[in-house]
Amino acid sequence: MHDTIAQIQLLRRQKNAVILAHTYQAAEIQQIADFVGDSLALSLEASRVKDAELIVFCGVLFMAETAAILNPRRKVIMPDTAAGCPMADMISAEQLRHFKAEHPGAKVVCYVNSTAEVKAESDICCTSSNAVKVVSSLGTDQEIIFVPDQYLGKFIEKQTGQKMILWEGYCPVHEKLSADMTKEAKSRFPGVPLMVHPETRPEVQELADYILSTGQMIKLAKESKAQRFLVGTEMGIMHALQNAAPDKQFIHLNACLLCPDMKVNNLPKLLNALQNEETHIRVPQPIADKARLALQRMLDLS
Ligand code: SF4
């Protein structure tokens with residue numbers, strides 16, 4: 001392991017590479033990354049990379065595609081392109097085109113957990129950090145299609161009071177967390193505040209004290225006076241939380257919250273990607289150009 005890390009450190013310097021990692025990545029990946037963040041922070045960071053030649057993206061495919069779209073002058077590689085996102089694959093560009101045809105005049109807000117082709121068919125993107133802000137920016141009279149996450153969509157509806165036309169996608173990892181599992185964990189830790197991700201089911205969100213993106217969870221962990229938290233999102237966040245607030249205690253809600261795709265990457269694959277640069281993420285230019293508009297409209301609100 002030490003040898004692998006030493007080789008990664010050497011190659012990243014030789015190749016002038018920057019390593020970006022999502023907060024759901026394994027601890028070993030987060031520890032070696034130059035930057036760890038949620039989807040919004042990673043999108044911003046990827047768009048600002050100027051000095052590095054190479055971006056090594058440790059996350060899932062839609063995130064690396066987003067980095068490639070936002071920074072077309074840099075080469076973006078991934079440790080393993082098999083790291084996909086089942087929620088992103090729940091809607092295709094063709095399905096979205098049909099959906100739009102059924103609702104002419106509606107604007108499409110697209111969660112970044114989507115393919116480049118779906119982003120290219122959308123008016124504006126959002127992340128779980130800025131979804132409420134993005135939808136509010138469109139005005140209350142605007143008919144809105146929201147894809148692909150129905151649970152994030154319902155959360156936004158509740159926050160804004162605005163009804164949207166929701167695609168019935170979901171995150172198969174967060175969807176596994178039931179209200180019963182959540183109640184059981186809460187009963188074991190009475191009085192401990194519970195934070196959950198808006199990709200969880202509405203009945204789980206009802207039981208939470210905070211419904212937050214991973215970036216917002218880390219901010220709360222640092223700033224809150226509470227010393228203990230129950231955490232209802234993918235378990236990779238535990239490393240990021242503990243790192244952000246080492247003196248506090250974080251209790252993971254349930255082991256079902258493990259994303260196999262987020263765990264496809266590991267250090268040997270990261271080393272291999274740096275050595276061979278074979279996993280170059282390329283988004284066809286016409287799609288990238290259209291998707292960039294939707295992403296940039298989101299970033300302009302940040
Ligand atoms: S946690 Fe859910 S939304 Fe995130 S990559 Fe895994 S399947 Fe996709």
Regarding region 171-188, can at least one residue be identified that is within 18 Å of the chain's Cα centre (by Cα), within 23 Å of Gln249 (Cα to Cα), part of a loop (DSSP other than H, G, I, E, B) and within 11 Å of the ligand (Cβ to nearest atom)? no
Failed item in (1) assigned by TED's automatic domain parsing to the domain that holds His22; (2) within 16 Å of the ligand (Cβ to nearest atom); (3) surrounded by 24 or more Cβ atoms within 10 Å (Cβ to Cβ), with Asp80 passing the rest: (3)
Taking region 11-65 as the region of interest, how many residues are more than 20 Å from Lys263 (Cβ to Cβ) and of a type in the set (S, T, N, Q)? 4
Which of the residues that make up region 97-116 are away from the ligand (no atom under 16 Å from the Cβ) and either closer than 19 Å to Gly59 by Cα or crowded, with 24+ Cβ neighbours inside 10 Å (or both)? Val109
Output the residue which, of all residues in region 149-167 that are in contact (Cβ under 8 Å) with a residue 24 or more places away in the chain and not in a helix (DSSP H, G or I), is farthest from the ligand (Cβ to nearest atom). Gln162
Listed by range, helices (runs of 4 or more DSSP H) wholly within region 38-121 having at least 2 residues that are of a type outside the set (Lys, Arg), without any contact (Cβ under 8 Å) to a residue 40 or more places away in the chain and touching a strand residue (DSSP E or B) at 6+ places or on another chain (Cβ under 6 Å) are 39-48
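The values are calculated or read from the model by the stated rules, or taken from the named source; none is laboratory data. Since we're looking at a predicted model, the values are computed, not measured. FYI the Cβ positions are ideal-geometry reconstructions off the backbone, even for glycines, and counts take in every protein chain you see.
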